[in-house]
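Taking it in order: structure first as structure tokens, then the write-up.
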Amino acid sequence: MLQRIPAPTTARLLRAGDRGWLVELPSGGATSIAAAIHDQPWAAQVAEVVPAAKTVLVTAIDCAWTDALGSALVSLLEEALDRPGPGRRPRTIEIPVHYDGPDLTEVADALGLGVADVAREHAAAEHVVGFFGFAPGFAYIDGCPDVLALPRRTSPRTRIEAGYVAIAGNQTVVYPGGTPGGWHLIGHTERRLWNPGNNPPNRLEVGDRVAFRVVTRC
């Protein structure tokens, strides 16, 4: 069920199911809106906040609070879009990486670089978690430098284990495990970023800065 309610002219708020609202942001800014939602006193009534490139899906813990959540989101959008503030202070999450992925040599050859150059350029860049999508725990991390930009592989793998670090375009992912994938595997980390048994299950949050640290050079 989709039900539209009034929202600022630069955003749309659509009802999504019995507990959710979808915030559409034609000009982007989903990361900052998601961070602002987490900072609200009513965030305890929110079950999940799922930002994408230009949308944020927000679901209530209890369907009885869905209408109130919609009203709270309208107020938040009006305030955030009229008077943007700093939002949640970003964290820096360090991820040690062994740059030894099965695609590393192929990536280096395609870019005209050495494998050590790929590791150095990737680790030196400024990375930020942009949004989650595709699968639980699948974080799209912005900031892969232009010098490493490549399209996705023409032949995706059917299953990739947890911890593989991969690049495509100007983004990096750390595979949560068990998903297919067409990104270039340039390394792996032993740090577990997605664990359904933890609360919260994600080690990363939207807006976090990610520092990839070289463990072994190739």
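The values are calculated or read from the model by the stated rules, or taken from the named source; none is laboratory data. These figures come from a predicted structure and were not determined experimentally. Note that each Cβ is placed from the backbone with ideal geometry, even for glycine, and that neighbours are counted across all protein chains shown.
Collect the residues in the range 106-124 that are more than 20 Å from Ser155 (Cβ to Cβ), without any contact (Cβ under 8 Å) to a residue 40 or more places away in the chain and more than 26 Å from the chain's Cα centre (by Cα), keeping them in residue-number order. It would help to see each step written out before you state the result.
First pass over the range 106-124, keeping only residues more than 20 Å from Ser155 (Cβ to Cβ): 112-124.
From the residues that got through so far, the ones that are without any contact (Cβ under 8 Å) to a residue 40 or more places away in the chain too are 112-114, 117, 121, 124.
Result: Gly112, Leu113, Gly114.
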task = Take the range 170-202 and flag every residue that is of a type in the set (Val, Ile, Thr) and under 15 Å from the mean Cα position of the chain (by Cα).
result = Thr172, Val173, Val174
task = List every residue pair whose Cβ atoms lie under 7 Å apart, where the two residues are 6 or more positions apart in sequence or sit on different chains, the first residue falls within the range 1-23 and is on the phi < 0 side of the Ramachandran plot, and the second residue, located anywhere, is of a type in the set (Ser, Thr, Tyr) and at pLDDT below 90.
result = Thr10/Ser27; Leu22/Thr55; Val23/Thr55
ask   = Which one of Val58, Val74, Val129 is under 24 Å from Gly197 (Cβ atoms), in contact with a strand residue (DSSP E or B) (Cβ under 8 Å, 6 or more places away or on another chain) and at pLDDT below 95?
value = Val129
ask   = Got a number for residues in the range 27-37 being surrounded by 14 or more Cβ atoms within 10 Å (Cβ to Cβ) and without any contact (Cβ under 8 Å) to a residue 60 or more places away in the chain?
value = 4
ask   = How do the pairs read when you match residues in the range 73-102 that are buried (at least 16 other Cβ atoms within 10 Å of the Cβ) with residues anywhere that are of a type in the set (Ser, Thr, Tyr) and at pLDDT below 70, using Cβ under 6 Å and keeping only pairs 6 or more apart or on different chains?
value = Leu81/Thr10; His98/Thr216
remark   = When the range 149-168 is checked residue by residue, the ones that are over 19 Å from Ile95 (Cα atoms) and either surrounded by 15 or more Cβ atoms within 10 Å (Cβ to Cβ) or of a type outside the set (Gly, Ala, Ser) (or both) are Leu150, Pro151, Arg152, Arg153, Thr154, Pro156, Arg157, Thr158, Arg159
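Taking the stated definitions as given, is Thr179 buried (at least 17 other Cβ atoms within 10 Å of the Cβ), more than 21 Å from Val128 (Cβ to Cβ), modelled with pLDDT under 95 and touching a strand residue (DSSP E or B) at 6+ places or on another chain (Cβ under 8 Å)? Spell out how you get there, then give the answer.
Details: buried (at least 17 other Cβ atoms within 10 Å of the Cβ): yes; more than 21 Å from Val128 (Cβ to Cβ): yes; modelled with pLDDT under 95: yes; touching a strand residue (DSSP E or B) at 6+ places or on another chain (Cβ under 8 Å): yes.
The answer is yes for Thr179.
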